[in-house]
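Here's the structure, in structure tokens; my notes come after.
The values are calculated or read from the model by the stated rules, or taken from the named source; none is laboratory data. For clarity, every value in this text was computed on a predicted model and none was experimentally measured. Reconstructed Cβ throughout: ideal geometry from the backbone, glycine too, with neighbour counts over all protein chains shown. Side chains included, ligands, DNA and RNA excluded: accessible areas come from the protein's heavy atoms. Shrake-Rupley method; radii C 1.70, N 1.55, O 1.52, S 1.80 Å.
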Amino acid sequence: MSISRKAALAGVYEHPLRWAPHKTQYQIMAESARGALDDAGLSIKDVNGLFTSGVGGMGIIALAEHLNLNPDFLDSNSIGGSSFVSHTAHAAAAIAAGYCDVALILYGSKWSSDRFAVGTGGGGSGDPPEQFEGCYGPTTVGDYALAAQRHMYEFGTTSEQLAEIAVTTRKHASLNPHAKFRDLISVDDVLASREVSSPLHLLDCCMISDGGGALVVTSAERARDLRKKPVYLLSAAESCAHTSAGVRDITDAAAKQSGPKAMARAGVSQSDFDMAMIYDSFTITVCITLESLGFCQKGEGGSYVQNGRIGLGGELPINTDGGGLSSNHPGMRGIFLVIEAVKQLRGECGERQVKDCALAFCHGTGGTLGLRHSGASLVLGV
Amino acid sequence: MADGKKKPNRPVPRVDEESRPFWEACARHELYVQKCRACGTVFYYPRAFCPENLSQDFEWLRCSGKGTVYTFTITRQNQSSGFRNKVPYVMAYVELEEGVRMLTNIVGCDPESVTIGMPVEVTFEDVTPDVSVPLFKPAS
Ligand SMILES: [Zn+2]
């Protein structure tokens, strides 16, 4: 059974706050839910599928209670930042199977105001594989840096090339009124920012903000009668990558497994996309993900991102909202990949609108490139 | 500390039923990986079965302790206890002569001198009287 065009994104909402010490996590989620349901022209009482992550083991039940929902379908798949990309695919499958009709995907976080050191805190040392990691001082930044260092060694990728990703993304953020960092930066600014874990500089790293968002997914038929132009889910695929018992090539991402599968399932190829949302926890994440997805050859990510190719007006504009590098990153940002892609496909992006946008790719990476991570790919179209 | 015991200067790995032979060997300052007798796969980290075929017929392979740096990072910021005062330190994957890569630290040299491909050899740090962790230093 194919889920292609069986379900559509009918409502999206990105919470405008990047700093919300005066709100609770559930409050951010409820405000986002209201925003996305308003966008779709639906009410909370229409919702019968609930999806979330970042709320703890059984937190989805507490969230349902907080929203006074009794959904027919619950899914709190937690595979890191890509979770919400995965939820979108799972929601479409559940809708296609008749398990629910209106799915609400929610995220809210206060990782910034809670001062959670997600990037530079330590790992655990209990259950395997952390038993063989925690004693060596892994950090999120350091884990990605391991992949970056090897990529530079094998392919000659430079810090200047990676910086280009941060510079382009900032340019996009300058066109997004809600983005946290909107002042333009240069390659030199990135290189001059302090090194957090070699070879990654501070401006190679995403921020930590507060924030949240919501998606409403429903059947294609129902979406056609709602407030906004439906954005159809054409295909999806998931994957994960880890140390593979000691032999994995660290310069490959899980995207290599899920990306081509998602494109094949939709019957499209890399050159068909008008834009892409590529999870940008770090500049190296974008470089390796673009290669793994096949937008360029392996090892060519560094040169691919140069000369405006990934900027607005370029061959493949990516992260037009300003990404995690410049707009927001409340610990996990998968939901914002889908929100921005939907807005682009609807033509709602104002100054940062990609012209005639009809086909978009989203790829979420959750976890770390250096140790283990998930990949979730979506093809969206109108 | 009140009981006079020294606080471990890095997180202590939990020794469990699957990893006990590995950590017991480390405590003797010996490095082992595993090799499946059914399919020949050499694997790390330690498990109670071969990750290729779930066979429990494996042997423990004593490593030469020699390898090369596969990749590394000089960590300059880590807020967690045990590492806050260790920065800058080098976290790395070392590719062992036996063919598998392990996460570790490179010690005994200036962090800035570490390069990919650099020959290294194992050394052990006693974290507690019972648990030692394998680290690597430039090959002599
Ligand atoms: Zn085997």
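Could you grab me the full set of residues in the range A:36-59 that are surrounded by fewer than 20 Cβ atoms within 10 Å (Cβ to Cβ) and touching a Phe, Trp or Tyr at 6+ places or on another chain (Cβ under 9 Å)? Hits for the range A:36-59 are A:Asp38, A:Asn48. Of all residues in the range B:74-122, those being aliphatic (A, V, I, L, M), under 19 Å from B:Pro8 (Cα atoms) and at the interface with chain A (Cβ under 8 Å from one of its Cβ atoms) number 1. Close Cβ contacts (under 7 Å, 6 or more residues apart or on different chains) running from residues in the range B:52-73 that are free of Cβ contacts under 8 Å to residues at least 40 places away in the same chain and away from every other protein chain (no Cβ under 12 Å) to residues that are acidic (Asp, Glu) and more than 16 Å from the ligand (Cβ to nearest atom) comprise B:Arg62/B:Glu30; B:Ser64/B:Glu97. Within the range B:87-116, restricting attention to residues that are without any contact (Cβ under 8 Å) to a residue 24 or more places away in the chain and either part of a loop (DSSP other than H, G, I, E, B) or among the β-branched types (Val, Ile, Thr) (or both), the residue that is nearest to A:Gly124 (Cα to Cα) is B:Val87.
A quick yes/no check of all residues on (1) more than 19 Å from A:Gln161 (Cβ to Cβ); (2) charged (D, E, K, R); (3) free of Cβ contacts under 8 Å to residues at least 40 places away in the same chain:
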| residue | (1), (2), (3) |
| --- | --- |
| A:Gly267 | yes, no, yes |
| A:Asp272 | yes, yes, no |
| A:Asp280 | no, yes, no |
| A:Cys287 | no, no, no |
| A:Gly301 | no, no, no |
| A:Leu325 | no, no, no |
| A:Ala358 | yes, no, no |
| A:His363 | yes, no, no |
| A:Leu371 | yes, no, no |
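Does A:Ala245 count as of a type in the set (A, V, I, L, M), without any contact (Cβ under 8 Å) to a residue 40 or more places away in the chain, within 14 Å of chain B (Cβ to nearest Cβ) and not in a strand (DSSP E or B)? Judged against the criteria, A:Ala245 is a match. Scanning the range A:96-109 for residues that are buried (at least 24 other Cβ atoms within 10 Å of the Cβ) and not β-branched (Val, Ile, Thr), we see that the one that is nearest to the chain's Cα centre (by Cα) is A:Tyr107. Residue check: B:Phe43 meets all listed conditions (1) more than 16 Å from the ligand (Cβ to nearest atom); (2) within 19 Å of the chain's Cα centre (by Cα); (3) within 30 Å of A:Leu200 (Cβ to Cβ) but one, namely (1). The set of residues in the range A:211-243 being out of contact with any Pro (no Cβ under 8 Å at 6 or more places or on another chain), open to solvent by 10 Å² or more (accessible area, probe 1.4 Å) and closer than 30 Å to A:Phe116 by Cβ consists of A:Ala236, A:Glu238, A:Ser239, A:Cys240, A:Ala241. Looking across the range B:38-51 at every residue that is more than 11 Å from chain A (Cβ to nearest Cβ) and touching a Cys at 6+ places or on another chain (Cβ under 8 Å), the one that is farthest from A:Thr243 (Cα to Cα) is identified as B:Ala38. Of the residues A:Arg194, A:Arg182, the single one that is without any contact (Cβ under 8 Å) to a residue 12 or more places away in the chain and either surrounded by fewer than 17 Cβ atoms within 10 Å (Cβ to Cβ) or under 30 Å from A:Thr139 (Cβ atoms) (or both) is A:Arg194. Looking only at the range A:126-139, filter to residues that are surrounded by fewer than 20 Cβ atoms within 10 Å (Cβ to Cβ) and not acidic (Asp, Glu); which one of those is nearest to the chain's Cα centre (by Cα)? Per the criteria, the residue is A:Pro129.
Across the range A:198-210, a minimum of one residue is classified as in contact with a strand residue (DSSP E or B) (Cβ under 7 Å, 6 or more places away or on another chain), part of a helix (DSSP H, G or I) and open to solvent by less than 50 Å² (accessible area, probe 1.4 Å). In the condition set (1) within 16 Å of the ligand (Cβ to nearest atom); (2) crowded, with 18+ Cβ neighbours inside 10 Å, B:Tyr93 is compliant with all but (1).
Look at (1) buried (at least 24 other Cβ atoms within 10 Å of the Cβ); (2) without any contact (Cβ under 8 Å) to a residue 60 or more places away in the chain and you find that A:Tyr153 fails only one, number (1).
One residue stands out in the range B:10-37 among those that are open to solvent by 70 Å² or more (accessible area, probe 1.4 Å) and part of a loop (DSSP other than H, G, I, E, B): the one that is farthest from the other protein chains (Cβ to nearest Cβ), namely B:Arg28. Taken over the range A:114-125, the criterion of being more than 7 Å from chain B (Cβ to nearest Cβ) and either surrounded by fewer than 18 Cβ atoms within 10 Å (Cβ to Cβ) or among the β-branched types (Val, Ile, Thr) (or both) is satisfied by A:Asp114, A:Arg115, A:Phe116, A:Val118, A:Gly124. Test B:Phe58 against the stated conditions and say whether it is within 16 Å of the ligand (Cβ to nearest atom) and buried (at least 19 other Cβ atoms within 10 Å of the Cβ). In short, yes.
Taken over the range B:8-40, the criterion of being hydrophobic (A, V, I, L, M, F, W, C) and either away from the ligand (no atom under 16 Å from the Cβ) or in contact with a helix residue (DSSP H, G or I) (Cβ under 6 Å, 6 or more places away or on another chain) (or both) is satisfied by B:Val12, B:Val15, B:Phe22, B:Trp23, B:Ala25, B:Cys26, B:Ala27, B:Leu31.
Yes or no, residue by residue, for (1) of a type outside the set (Ser, Thr, Tyr); (2) at the interface with chain B (Cβ under 7 Å from one of its Cβ atoms):
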site	(1), (2)
A:Gln131	yes, yes
A:Gly134	yes, yes
A:Thr140	no, no
A:Ala145	yes, yes
A:Gln149	yes, yes
A:Tyr153	no, yes
A:Gly156	yes, no
A:Leu162	yes, no
A:Ala166	yes, no
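Of all residues in the range A:171-214, exactly one satisfies the criterion of being closer than 19 Å to A:Gln353 by Cα and either within 14 Å of chain B (Cβ to nearest Cβ) or hydroxyl-bearing (Ser, Thr, Tyr) (or both), namely A:Ser174. Looking across B:Arg76, B:Arg47, one residue alone is open to solvent by 60 Å² or more (accessible area, probe 1.4 Å) and at pLDDT 95 or above. It is B:Arg76.
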